[in-house]
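First comes the structure, then the notes that go with it.
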There are 2 protein chains.
Amino acid sequence: MFEPPNSTLPSASVGCVQTQLAKIQLPAQGFELECGESLAELTIAYEAYGTLSPAADNTVFICHALTGDAHAAGYYERSDTEQGWWDAMIGPGKGIDTDFYYVLCANVLGGCKGTTGPTSLDPATGRAYGAHFPRVSTRDMVRAHRLLLEHLGIDKVNAVIGGSFGGMQVLEWITLFPGTVERAICIASGSSLSAQALAFDVVGRHAIMSDPHWYNGNYLDTGTIPEQGLARARQIGHITYLSQEMIDRKFGREKSEKGSVFEVERYLQYKGERFIKRFDANSYLRIMEAMDSFDLVERYGSLQKAFAEVRAKVLVVALSSDWLFPAEQSVELTSALVGCEKKVSYCRLDAPHGHDAFLVDIEQLAVAVRAFLPWVDPKPRANGVKECSSIMEKRTLDDSALIACTVSRGARVLDLGCGDGELLALLRESNAVTGVGVDIDIQNIIKVIDRGLEALHADIDGGLAMIADGAYQYAILSQTLPAVKEPRLVLREMVRVAKMGIVAFTNRGHWRCRLDLLWHGKMPKELRATDRWYDTMDIHPFTLGDFYELCREEQIEIVEVIAIADGALDRALTRMRFLNLGANRALVKVRAFRN
Amino acid sequence: MFEPPNSTLPSASVGCVQTQLAKIQLPAQGFELECGESLAELTIAYEAYGTLSPAADNTVFICHALTGDAHAAGYYERSDTEQGWWDAMIGPGKGIDTDFYYVLCANVLGGCKGTTGPTSLDPATGRAYGAHFPRVSTRDMVRAHRLLLEHLGIDKVNAVIGGSFGGMQVLEWITLFPGTVERAICIASGSSLSAQALAFDVVGRHAIMSDPHWYNGNYLDTGTIPEQGLARARQIGHITYLSQEMIDRKFGREKSEKGSVFEVERYLQYKGERFIKRFDANSYLRIMEAMDSFDLVERYGSLQKAFAEVRAKVLVVALSSDWLFPAEQSVELTSALVGCEKKVSYCRLDAPHGHDAFLVDIEQLAVAVRAFLPWVDPKPRANGVKECSSIMEKRTLDDSALIACTVSRGARVLDLGCGDGELLALLRESNAVTGVGVDIDIQNIIKVIDRGLEALHADIDGGLAMIADGAYQYAILSQTLPAVKEPRLVLREMVRVAKMGIVAFTNRGHWRCRLDLLWHGKMPKELRATDRWYDTMDIHPFTLGDFYELCREEQIEIVEVIAIADGALDRALTRMRFLNLGANRALVKVRAFRN
């Protein structure tokens, strides 16, 4: 069919889509809910983008947030001015690439956008459930979606992805159906709501339930709805979705033309009015209830117990300016997954928009998601990353080769200050290790994830609180120790989290360094040409002798010292055991002292 | 009269107090308001603690926050279980010491605790004003309080102090009545509300005004009040007063005994119920309106213009976990005051409770307030500050003497990394300078304020954004440059904010340093005995030669170099112009290069 060119369409849209309704075949007892009640009928509204592979093994399932729906991408009609809620993420060549994946998104149970919920007809009465719709849990929602997959003939999903309440559903997926999910991405979420987020929900709920049009939830019979309460609840929510910076940038203290009303007031009014047209109050309360009561620790006793059976490879993403689900909650998830030796990566994206960033600050998130998903090739390279100079490359390779000789086959290895993951990739190739990198730079983290390795986005100077004692066989500090602010803390943490530590560094006790200061009266220069004393990465240069002394004080056992001597004189000195004078570089194996 | 011992009384209470009513004598036209209307009668409710000095020159005026009142300290009856809202701050030996000061606190105009407001009788009708009470501004409130002072025969106040909306009143005091106020303390406040805070107020206001019992504000006639709306507004406010950490610590996700209601829900319910008993909805809206529309920039064009006439010495206090009035707003105030060469100190207190911290995390705040207020003697020493070792002391004194020879009399001097302010105090004595110190350590800041000097609490590694170009004649970096993370940035900022920079440092090019590395193979030790290479304060040691090079690159002009040579050999080398070998220490005068 001839399609007229239309320049207003997004360049990489999944195009025109339809929400479909799946009527799920239920057993005689219906769909049993966690609360004890059951539903006699179950309909699920969903959308699908891309093509299912013949083996049905390319499915990505999207979990939507509190007031989302199945319409994640594309448009219903050519005249639509708005696309699906995550259109920037889903489509050909986008973060979730519909050229490769079959992408599904479904409205949650209890929702009001097609899936069975309070506005659906109760087959027992022939009228809408309204306030009589039973309590549903996040687990019920995910179980319902799993039935949808079965209905569509899909056994396994390649990845489940969701932000906010969608992230909680992702956590349900990997704990409830560990065999079904290969990869999982949990964005701006947590194992439960914080007390502050709960508090805002409380006020929103009270606003709805104290509205005179609420009628104990039976407003559908009256022809009026608790508009004011619902608008208030939504307005409170909206404020919590935006960062302080963003709300300031967007509205500041600007006033409308009439001069008396603040712009932010008009915005909130608009948001409230729009919401009451598109959402049902009972539905809002049911889903909010599910989110409020979601608590993996309460259910399993601890997060480690919750994640014990997880088999998915997990990416946890926090957003820097999110105060509704602060980064600490993502770190907590990551830490628990590391604690039970699961494959997990963590990154904290610099995103100004607050909690809403997973919907709007999409660029870096899309790169991270694309890096984490398998198959897609050729992958786009992350931008803005400096290439290493050839000198540095050579040094790293040398160190790598040495480290490879030191690390045993198949070991679990932690690389502290891993850079772009080159060392870990080499070790995976040469020694078949399971590698996890830690770095402070998000560009590096994405590169490591892109290599298919695990990566944890963290500042090692803050300690390694997210990693349990003895979690790894080896921890490596390759040229990293002089660059940290707290060498003592980092060394202490290294021998805590790994059975064996490997420290590779440039020896500032080498005769050439000494002469540099003696003759030229300048602090020894880094080997890299751009470094000066005032902006060097190595803020704590040290000698082999210095290192021995620190280990002695910290009761760290020196298991082996490998001195690297480049020149003939260096080698001679080293052979004569003048290691501190002759060694250009050193590789030292250390471990916590055992009594 | 015999007083029975009562162990439940606070040890340092102002005791039993009474709220008094002052009927203010008004001219024929009444009390004219900024909105154009006027009030025929004006009554102000106030409390007083301590004794007014014969010269009436020891008054401290307290400005209360949004829903506060005149009852700041003490108790009404012995059986009262609660004291005034700032009892922890006001009393004998406390932050605001009633043994020295005569302390006044008055209910604001528009309030509902005794001062003329919507619940007062309108003399024109003989009935309560209710919704007909005119709009009042923060300026109107402060003008009314100024009439109270006149009524009490007080010309000048020693200090005005307030937190949150009280801080805004403090800003009104110093701009509106510059001749009246000697000192001012503005805590957890700003020159206007942020857009986020405005947004929360919007939702609260809408909640009240959409309550069916609101009746356009004429609810007093109906016998019912807009309870639900008022409760919602207060609940929203309450969440914003607490830090995320504190609400989590206080309630977490705990549930009540019945098992279905979260503790935080019960708390908010209780807070809402309590509030509707003690506060009037019209009054709440009027005061909130005054706060929302307070905006010094809008009124004066810029903060610098607003503060042009200020004569008070100001202390600006931010609270670390406050997200309603984030520290940036306090920094903005400070920066503007610095910009117009006013006497201003700034500190950011580490206070976990959020915005509420100015009421509850009182300990450090009280120390800072006490340090800032004059007269009180002997002052308590701030705790937890290490005394300098004798070696260090000697070095500092030497540097001080040198710096004193360099700085001209009466100059405005900025000391970057000022420590406890010893150098500035010496310079004040020897050279009569106006000294301002910058330090990252709050204990140091309090010590500097306690010396009667100005202090700015900041991390100089983050740049000196709060200080305008050329604001000072001299800026000093005494032994500070090697300790900063970003020496280049700090040096650049130094010559930006001051016409002349003075950098004093230990020369790592001295022959002894060189030999240390050469012979012992260890990084040169600090002169202080406890420092090791891995925890030294000096993360960027450098030599005189290094310093020259950096200045050259940064186009910073070296005006003068004073080399300090301790030993005979040092002196010989120095005299032979081998400064980099012979100088133990150096003092270099620098300035931005002029074309």
Inset, instruction - Calculate what fraction, in whole %, of the accessible area of chain B sits on carbon and sulfur atoms when a 1.4 Å probe is rolled over the protein chains. - result: 50 percent
Legend entry - Virtual spin-label span in nm between A:GLU549 and A:GLU263, 7 Å along Cα→Cβ: 6.0 nm
Legend entry - Spin-label pair A:ARG575/B:ASN216, simplified geometry with 7 Å Cα→Cβ offset, distance in nm: 10.4 nm
Inset, instruction - Taking a cut-off of 15 Å between Cα atoms, list the aspartates and glutamates near A:LYS313, but don't count ones fewer than 8 places away on the same chain. - result: A:GLU172, A:GLU182, A:GLU341, A:ASP450, A:GLU454
Inset, instruction - Could you pull the copy-to-copy label distances for B:ASP155, with points set 7 Å along Cα to Cβ, in nm to one decimal and sorted shortest first? - result: 9.5
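How long are the semi-axes of the equivalent ellipsoid of chain B, defined as square roots of 5 times the Cα gyration tensor eigenvalues? Whole Å, largest first. The partial results should precede the final answer.
Numbers: eigenvalues 556, 127, 108 Å².
Ellipsoid half-lengths, sorted descending, are 53, 25, 23 Å.
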Inset, instruction - Could you give me the radius of gyration and the Dmax of segment A:1-114, taking only the C-alpha atoms into account and expressing both in angstrom? - result: 16.3, 54
Inset, instruction - Would you give the gap between the C-alpha center of segment A:214-282 and the C-alpha center of segment B:227-254, rounded to a whole Å? - result: 20 Å
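Chymotrypsin sites (Phe, Trp or Tyr not before Pro) within segment A:273-349: which are DSSP loop residues with at most 14 other Cβ atoms inside 10 Å?
On the way: sites: A:PHE275, A:PHE279, A:TYR284, A:PHE294, A:TYR300, A:PHE307, A:TRP323, A:TYR346; in loops: A:PHE279, A:PHE294, A:PHE307, A:TRP323.
The qualifying sites: there are none.
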Legend entry - Cleavage-rule hits, trypsin sites (Lys or Arg not before Pro), segment A:225-289, DSSP coil, Cβ neighbours within 10 Å at most 16: A:LYS258
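Suppose the chain between B:GLN29 and B:LYS156 were pulled fully straight at 0.36 nm per residue; how much longer would it get relative to their current alpha carbon spacing?
Values: separation 127, 0.36 × 127 = 45.72 nm, distance 2.60 nm.
Answer, rounded to one decimal: 43.1 nm.
Quick check on segment B:193-293: take the gyration tensor over C-alpha atoms, sort the square-rooted eigenvalues as a ≥ b ≥ c, and tell me if it's rounded (a/c under 1.5), prolate or oblate. Numbers along the way, then the final one.
Details: a/c = 2.77, a/b = 1.42, b/c = 1.95.
Cα axes put segment B:193-293 in the oblate bin.
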Inset, instruction - Round to the nearest 10 and report in Å² the accessible area of A:VAL484, as given by a 1.4 Å probe over the protein chains' heavy atoms. - result: 10 Å²
Inset, instruction - Could you provide, to the nearest whole Å², the per residue accessible area of the protein assembly as shown with probe 1.4 Å? - result: 41 Å²
Legend entry - Listed residue (B:PHE372, B:GLN329, B:LEU416) projecting farthest to the positive dipole end of chain B, Cβ model: B:LEU416
Legend entry - For A:GLU37, solvent-accessible area (1.4 Å; no DNA, RNA or ligand), Å²: 100 Å²
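Need one number: % antiparallel among DSSP beta bridges in the protein assembly as shown, to the nearest 5. It would help to have the intermediate numbers written out before the result.
Working: 56 of 150 bridges.
Bridges in the protein assembly as shown are about 35 percent antiparallel.
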Inset, instruction - Treat every Asp and Glu Cβ in the protein assembly as shown as -1 and every Lys and Arg Cβ as +1, leave all other atoms uncharged, and give the resulting dipole magnitude about the Cα centre to the nearest 20 debye. - result: 2740 debye
Legend entry - Listing of segment A:202-239 residues, each with accessible area lower by at least 40 Å² in the full protein assembly than in the chain alone (probe 1.4 Å): A:VAL202, A:VAL203, A:HIS206, A:SER210, A:ARG232, A:ILE239
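Computed over the Cα atoms of segment B:264-359, what is the ratio Rg over Rh, Rh following Kirkwood?
Values: Rg = 17.2 Å, Rh = 15.9 Å.
Here the Rg-to-Rh quotient is 1.08.
Can you give me the Kirkwood hydrodynamic radius for the protein assembly as shown, using every pair of distinct Cα atoms, in Å to one decimal? All intermediate terms of the calculation are to be shown ahead of the outcome.
Working: mean 1/r = 0.0295 Å⁻¹.
Radius from the Kirkwood sum: 33.9 Å.
How many percent of DSSP beta bridges within chain B run antiparallel, rounded to 5? Write down the numbers at each step before the final one.
Details: 28 of 75 bridges.
Counting DSSP beta bridges with both partners in chain B, the antiparallel share is about 35 percent.
For chain B, what's the relative contact order in percent, using C-alpha pairs closer than 8 Å and at least 6 residues apart? Walk me through the numbers before you get to the answer.
Details: 1205 pairs, mean separation 56.2, N = 595.
Over chain B, the number comes to 9 percent.
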Inset, instruction - Run through the other copies and list how far each one's label point is from that of B:ALA55, in nm with one decimal, shortest first; the point sits 7 Å from Cα along Cα-Cβ. - result: 9.2
Legend entry - Nearest-10 value in Å² for the accessible area of A:SER293, using the 1.4 Å probe: 40 Å²
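If DNA, RNA and ligands are ignored and the probe is 1.4 Å, what is the ranking of B:PHE578, A:PHE358 by accessible area, most exposed first? Please report the intermediate quantities before stating the final value.
On the way: B:PHE578 100, A:PHE358 10 Å².
Ranked from most to least accessible, the order is B:PHE578, A:PHE358.
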Legend entry - Label geometry 7 Å along the beta-carbon vector: A:PRO123 inter-copy distances in nm: 7.7
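Show me you know the interface measure: the accessible area buried between A and B, both chains summed, probe 1.4 Å, in Å² to the nearest 100.
Buried: approximately 6400 Å² between B and A.
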Inset, instruction - Sticking with the crude label model, points 7 Å out along Cα→Cβ, report the distance from B:ARG278 to B:ALA401 in nm, one decimal please. - result: 6.1 nm
Inset, instruction - Considering the options A:VAL436, A:SER192, A:PHE542, tell which one lies farthest towards the positive end of the dipole of chain A, charges being +1 on Lys and Arg and -1 on Asp and Glu at the Cβ, about the Cα centre. - result: A:PHE542
Inset, instruction - Please work out the Cα center distance from segment B:57-117 to segment A:480-517, rounded to the nearest Å. - result: 58 Å
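The values are calculated or read from the model by the stated rules, or taken from the named source; none is laboratory data. Predicted model only: the values in this text are computed from it and were never measured. Every residue, glycine as well, gets a Cβ built from its backbone with ideal geometry; the counts of neighbours run over all protein chains shown. Note: areas computed on protein heavy atoms with side chains; ligands, DNA, RNA excluded. Shrake-Rupley method; radii C 1.70, N 1.55, O 1.52, S 1.80 Å.
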